[in-house]
Amino acid sequence: MTQAPTPTADTVRRLVRSLLKEGAGGTSGIDVRPVAAGGAHTTWWVGTRHVLRLAPDRDAAARQRRELRLRDLVRPHLPVAVPASVAHGEWAPGLTYTLDTVIPGGTAEEHDVSAVGEADLAGLLTGLREVPVRQAETLGVPRTPPRSLEALRRMAVPAAERLAAADEF
């Protein structure tokens, strides 16, 4: 079995140059940097408007292909922004990439979740309920039986107790 290639900054720059149109200043000056520090980098900021995600293995490539199709399926049902792929393809044989538009905001690790964020999450979940199940299944989303409401309540009790103890209600 051969080891999958590891993306380098040079690999990413070459890919980005091939994807983005040459402007007056060319694409060589585009700021390309890893999203997270340390480790193997599979997600890169490309300037301030794009993020490049590279699948590190064939399983991740299959998930990424499915994700692109799922985004298109769910987008019309959601009241919140969904990333759009500007370009996608293979960065190495069998390994995919997607160059996506950046959505404003940040992660819960970076920011406290606000009331607006909670409303967006509620809208996201409500919109997902409107996605036709059969269409999602054709894209490879597995059908799972509904979970027991009583079991969910039992699991929620310890979490609610922790929130109450921390005065988070």
Quick one: how many residues across region 37-52 are open to solvent by 40 Å² or more (accessible area, probe 1.4 Å), farther than 13 Å from THR6 by Cα and in contact with a strand residue (DSSP E or B) (Cβ under 7 Å, 6 or more places away or on another chain)? 2
Pair list, Cβ under 8 Å, 6 or more apart: region 31-56 residue acidic (Asp, Glu), other residue open to solvent by 70 Å² or more (accessible area, probe 1.4 Å) and part of a loop (DSSP other than H, G, I, E, B): ASP31/THR48
One residue from THR138, THR101, THR96 being open to solvent by 70 Å² or more (accessible area, probe 1.4 Å) and among the hydroxyl-bearing types (Ser, Thr, Tyr): THR138
Within region 71-100, tally of residues that are within 29 Å of GLN3 (Cα to Cα) and not polar (S, T, N, Q): 13
Quick check on PRO83: is it surrounded by fewer than 17 Cβ atoms within 10 Å (Cβ to Cβ), under 20 Å from ALA36 (Cα atoms) and at pLDDT below 95? no
Counted residues in region 143-169 being open to solvent by 100 Å² or more (accessible area, probe 1.4 Å) and closer than 28 Å to PRO79 by Cα come to 8
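The values are calculated or read from the model by the stated rules, or taken from the named source; none is laboratory data. No experiment lies behind these values; they were computed from the predicted model shown. Please note: Cβ atoms are built from the backbone with ideal geometry, for glycine as well, and neighbour counts cover all protein chains shown. The accessibility values were calculated without ligands, DNA or RNA, using every heavy atom of the protein model including side chains. Shrake-Rupley method; radii C 1.70, N 1.55, O 1.52, S 1.80 Å.
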